[in-house]
1. So which residues in the stretch B:274-308 are closer than 18 Å to B:L336 by Cβ and over 44 Å from the mean Cα position of the chain (by Cα)?
2. B:T60 passes all but one of (1) part of a loop (DSSP other than H, G, I, E, B); (2) on the phi > 0 side of the Ramachandran plot; which number fails?
3. Could you give every pair whose Cβ atoms fall below 7 Å, whose first residue belongs to the stretch B:656-674 and is within 9 Å of another protein chain (Cβ to nearest Cβ), and whose second residue is crowded, with 17+ Cβ neighbours inside 10 Å and of a type in the set (V, I, T), counting only separations of at least 6 or pairs across chains?
4. Does the stretch B:138-146 contain any residue that is surrounded by 24 or more Cβ atoms within 10 Å (Cβ to Cβ) and under 26 Å from the mean Cα position of the chain (by Cα)?
5. I'd like the full set of residues that are in contact (Cβ under 8 Å) with a residue 60 or more places away in the chain and of a type in the set (S, T, N, Q), limited to the stretch B:352-405.
6. Among the listed residues B:A484, B:A594, B:A568, B:A547, identify the single one that is at pLDDT 85 or above and either under 30 Å from B:G106 (Cα atoms) or of a type in the set (K, R) (or both).
7. Cβ-Cβ under 9 Å, sequence separation 6+ or interchain: first residue in the stretch A:38-51 and touching a residue at least 12 places away in the same chain (Cβ under 8 Å), partner in a helix (DSSP H, G or I) and among the basic types (K, R). Which pairs?
Amino acid sequence: MRLAQKHRDYWLRNLKLTAALLTIWFVVTFVVSYFARDLGAFTVLGFPLGFYMGAQGAPLIYVLIIWWYARYMNHLDREYGVSEVDGDE
Amino acid sequence: MADYTVPLRRYYGSYTAGFFVVIVALAVLERYGMPPRWIGYSFLFLTIFLYATIGVLARTASVSEYYVAGRRVPAVFNGMATGADWMSSASFMGLAGTLYLSGYQGLAYVMGWTGGYVLVALLLAPYLRRFGQYTIPDFLAARYGGNRARLVGVFATVLASFVYVVAQIYGVGLITSRFVGLQFEIGVFVGLAGILVCSFLGGMRAVTWTQVAQYTILIVAYLVPVTILSYQVTGVPVPQLTYGMVLQKVQSLEEKLFDEPAEVEARRLFRERADGYHERILTLPASLEEERQRLSERINELKTDNAQMREVVAIERQRRELPTTSEAARDYWESLMRQAAQRGAEPEHHVTAYPGEGGAVNDTARLNFLTLVFCLMVGTAALPHVLMRYYTTPSVREARNSVFWSLLFILVLYLTAPAYAVFAKYEIYSTLVGSSMAQLPVWVNAWGKIGLVSIEDVNGDGILQLAELSLNPDVILLATPEIAGLPYVISGLVAAGALAAALSTADGLLLTIASALSHDVYYKVFRPNATTQWRLVVSKSLLLVVAVLAATVASQKPATILFMVAWAFSLAGSAFFPALILGIFWKRANPTGAVSGMVIGLLVTIYYMVRVQFDTIPWLGINGIGMEPWLGIQSTSAGVWGVAAGFVTIIVVSLCGKPPSKETQDFVESVRYPEFERP
């Protein structure tokens, strides 16, 4: 199978986006939790920030990450003309 | 696309409305004196009847319908089905209680079980959908050329899913026995019938549409009690937003309660008791005989003093329960010692992360938190019953959207669970603790009878101290309606929700196991030219066999089952995650590398779990295999080592061997771009 330059670009942009979003995921999950105790000094909606991030902040950011990925990739598919026809099966 | 979802939306819209009408009707009937047991029966049988109807209507004889619902499930509905598939009886019943008991530490489950979907969305779902076959072992076989990878995949699928399905059926047994008073074993088989009516006739198609219905029931059941509680406590019916304020009240209650002299005294007494057990364990076997004599003397003393019969009976029971051998006595006293030590331990504030000695950060607790989050996330992104759901969407685009909907629907429950814990804590600390032993609320005794609540007036002051109350995690969710003083219909609703959570997960898991065995082992390995009809017959018979087997195991009430569910995540993660990720993102990964990586990852995880958790395995005649955990990491996070070992093995072995064939490399390309679809 021969790959056009177009496809390489498409894959590279996909990889860049995936890496960027995974970095956010990593920071929100592991870095923030590591410093959970220190973040307790701040308060959001009555919660200490460390607790809030674990209970609501991180999960909400996860949803946003997935939403953004789906939106961006679906656009990218169209832009590069690799999108499929709906209901292709 | 948009057209054919319209009737679906209409069906499920009117179905949800109908469900609310039923709840209201039952509430009215309760007013007019319908006994609670009937309300329990109505919920149980109405919901199972509903699932059966959907199951029968969605029956099918087509392979594609049976395994992947014809790949026609729109993103939103697949999201709901995934939500129900995902949220098991452990999420529904156990999570709120775990958060109640361990405060911040419990948030590892909230983060782990939601954050895993980021990995699913970014690294797996679109590519698996592009590949577009039936099972996860299918993908492994296509990518790593051949049946070796397929069979390892089948083994890991069955291993991880079977433990999990047993726990679900066990959950069904508990719910039916608690709420409608069926015997546990009968409850298990009623549940089994409920599961089979969904999956037997219609496979994935029926399971998907019942799961959508089950999602609605479970989420309504989860939200209603805590919303009412939130309204009662704060005047605002949005528990997810208001519990921050309540958390502050809990914090000040904790500051007041923890240092009260009576609390300090109660904890000291429990610690003393724990020391007593420790002493006895050290002086075995002499202490066993001494203890028996001591109890006998005490009985005689009481009898001569004409003491109350109840006290005599209690001590006689203690004497009867005393073990006969010194090994058994050691286990018996060790568990009593642990219980007493737990009750006597210094309580921790709900919001404190990683509490350590004297207010310092406990580094082992922090490491365990982070590794548990990691294992739950990687496990989420590797459990076959979840990944399989993304084969059912019509396109890659819909698969991407569908992960978003899945997590959104799942979040509704996970964002509410911490609120449950905080509201329950507030109610218990502010009204229950400090009340008179003689006038405890009804729910305390009702749940105490089946051992979920235990109370002991250790300092004999007739007042309930916090240290004197011990709760099973499940009771927080189940008792919230009663804690909030709501009518029984709400309790029935919660039971129906818990049942929906357990049944939907069990359906998905059973289908996964049956597909792995029938499609991957029977069809792909043994009989590649079997007819379509025959394949479905084999699949359905296997489903029946596995279901009966799982119910039989569940009816034995295996004690360690809940523990083993946490293991399923580590097992699935270490077997599948490295092979799937490298299979998509690293063309150089070759078959030998992948197979050895999967096997070694799995073996490392099993080795670590078994040696950290067990010292002896009586039925295998193995003794003294226990070991100190590495870096203090608990057995539930064993996947950390397995996943790392899996990645390293695949990379090293692949680099030592030949690169994969041109065909395989083309295959990887084809999975990466939506256009290159094979016919």
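1. Selection gives B:R298 alone.
2. Looking at each condition in turn, B:T60 falls short on (2).
3. From residues that are within 9 Å of another protein chain (Cβ to nearest Cβ), the pairs are B:Y673/A:V82; B:P674/A:V82; B:P674/B:V396.
4. No, that holds for no residue.
5. B:T352, B:T364, B:N368, B:T371, B:T380, B:T392, B:T393, B:S395, B:N401, B:S402 - these are the residues of the stretch B:352-405 that are in contact (Cβ under 8 Å) with a residue 60 or more places away in the chain and of a type in the set (S, T, N, Q).
6. Details: B:A484 fails: at pLDDT 85 or above; B:A594 fails: either under 30 Å from B:G106 (Cα atoms) or of a type in the set (K, R) (or both); B:A547 fails: either under 30 Å from B:G106 (Cα atoms) or of a type in the set (K, R) (or both).
Testing whether each residue is at pLDDT 85 or above and either under 30 Å from B:G106 (Cα atoms) or of a type in the set (K, R) (or both) leaves just B:A568.
7. Sorted first by the residue in the stretch A:38-51, then by its partner, the pairs are A:G50/A:R37.
Rundown of residues vs (1) surrounded by fewer than 21 Cβ atoms within 10 Å (Cβ to Cβ); (2) facing another protein chain (nearest Cβ under 9 Å), yes/no style:
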position	(1), (2)
A:K16	yes, no
A:A20	yes, no
A:T23	yes, no
A:G40	yes, yes
A:L45	yes, yes
A:Y52	no, yes
A:P59	no, yes
A:Y62	no, yes
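The values are calculated or read from the model by the stated rules, or taken from the named source; none is laboratory data. All values derive from a computational prediction rather than experimental measurement. For neighbour counting, all protein chains shown are included, and Cβ atoms are generated from backbone atoms with ideal geometry for every residue, glycine included.
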